Amino acid sequence: MKKISIIGAGMTGSTAAHWLAERELADVVLVDVVEGMPQGKGLDLLEAMPIIGKDSSILGTNDYADTQDSDIVIITAGVARKPGMSRDDLLTTNAAIVGTAATETLKYSPNAFFIVLTNPLDTMAYLTLKKTGLPRNRVIGQAGILDSARMRAFVALETGVSVENIQCYVLGGHGDEMVPLTRHSNIAGIPLREYIPADKLEAIVNRTRKGGGEIVNLLKTGSAYYAPSVAVAQMAEAILKDKKLIVPCAAYMQGEYGLNDMFFGVPVMLGAGGMEKIIEYKLDADEKAAFEKSAASVKETHAALKKLVQL
Ligand code: APR
């Protein structure tokens, strides 16, 4: 069985463990600083396996040594957003946590792929790449699958069509300036703009952009975890099964879309080589402008990080 270690056994970490084990994709190790909690959650999930007939083993621990020889490391450790808190407010606290998580796990799993979930997402992925010194195919951020899934869910609510028929593509930074590409999104091949009246589509785009905040405001004590963690499970599955799956993810840019030395949400191909390829869409002038606005916002957070941490 393959091995996946999840750093941070909170809501997203433990729910990711659930999705992964339920699909028998790997043995799972859950690491957290809180004593007893990852052990308790790990044991609870392990005890669920006989009922669903899956042979994934799950181990909760406070010791990074238990992550030895992981194929994939998923970083969710950090502080979740509270109401009124922007993703960028999280920067200082989470940079210290993610930096340690990345370097500690790399010691024990020098060949692992890293999937980052902690916010501010693009910048935490950037920090992981720089701290580990890994090539860009081995460090990917989860954001676009989630943002696109939110848009797909809202389109399904609006139209009553199966989510399976709805393809949406949300690119750009994982922040309020993210770029829902309505021109490329479609329902069973019919462009979204032809299927949904303009005002309704605009409302869907706005709700997608604020999708994370909507849940934070409802939960009051944390942020979304079901959809973010299943998005991570999809990424892990694509890598482990060498699926060559094209999905939007945060990737390290080296000239693509005119961007350099930053993470940004773009369509990538996931397979046995991790982030194997960045796909470049042809963008029109409006889309390019939206990309640039979103990129400027990510660059700002990257710059703030560089002031805090020596990279
Ligand atoms: N090492 C390991 N785990 C840590 C560390 C650390 N240094 N510091 C904090 N943690 C753990 C916490 O103990 C907690 O269990 O990280 C976990 C975070 O879990 P939650 O607070 O439940 O947050 P969650 O909803 O999982 O979100 C985590 O993912 O989606 C993003 O915005 C979200 O940045 C946040 C992250």
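Close Cβ contacts (under 7 Å, 6 or more residues apart or on different chains) running from residues in the stretch 270-299 that are aromatic (F, W, Y) to residues that are surrounded by 15 or more Cβ atoms within 10 Å (Cβ to Cβ) and in a helix (DSSP H, G or I) comprise F291/Y257.
Out of the residues in the stretch 167-219 that are aliphatic (A, V, I, L, M) and touching a residue at least 60 places away in the same chain (Cβ under 8 Å), which is farthest from the ligand (Cβ to nearest atom)?
Filtering the stretch 167-219 for residues aliphatic (A, V, I, L, M) gives 170-171, 178-179, 181, 187-188, 190, 192, 196, 198, 201, 203-205, 215-216, 218-219.
Next, from what is left, pick out any that are touching a residue at least 60 places away in the same chain (Cβ under 8 Å): 170-171, 178-179, 181, 216.
On the way: V170: 16, L171: 19, M178: 15, V179: 20, L181: 23, V216: 9 Å.
Among those residues, the one meeting the criterion is L181.
Among the residues of the stretch 202-243, count how many are farther than 23 Å from S185 by Cβ, in contact with a strand residue (DSSP E or B) (Cβ under 8 Å, 6 or more places away or on another chain) and aliphatic (A, V, I, L, M). Residues in the stretch 202-243 being farther than 23 Å from S185 by Cβ, in contact with a strand residue (DSSP E or B) (Cβ under 8 Å, 6 or more places away or on another chain) and aliphatic (A, V, I, L, M): 3 in total. Screening V161, V155 for residues that are more than 16 Å from the ligand (Cβ to nearest atom), outside any helix (DSSP H, G or I) and of a type in the set (A, V, I, L, M) leaves exactly one candidate, V161. In the stretch 29-47, the condition of being within 19 Å of the chain's Cα centre (by Cα) and more than 10 Å from the ligand (Cβ to nearest atom) is met by at least one residue. Selection of the stretch 95-135 for residues being surrounded by fewer than 24 Cβ atoms within 10 Å (Cβ to Cβ) and within 13 Å of the ligand (Cβ to nearest atom) yields A95, A96, I97, G99, T100, T103, E104. For the stretch 26-47, residues that are under 24 Å from K241 (Cα atoms) and surrounded by fewer than 22 Cβ atoms within 10 Å (Cβ to Cβ) total 2.
Since every read-out is calculated from the coordinates, none of them should be taken as a lab result. For clarity, every value in this text was computed on a predicted model and none was experimentally measured. Note: ideal-geometry Cβ built from the backbone for every residue, glycine included; neighbour counts use all protein chains shown.
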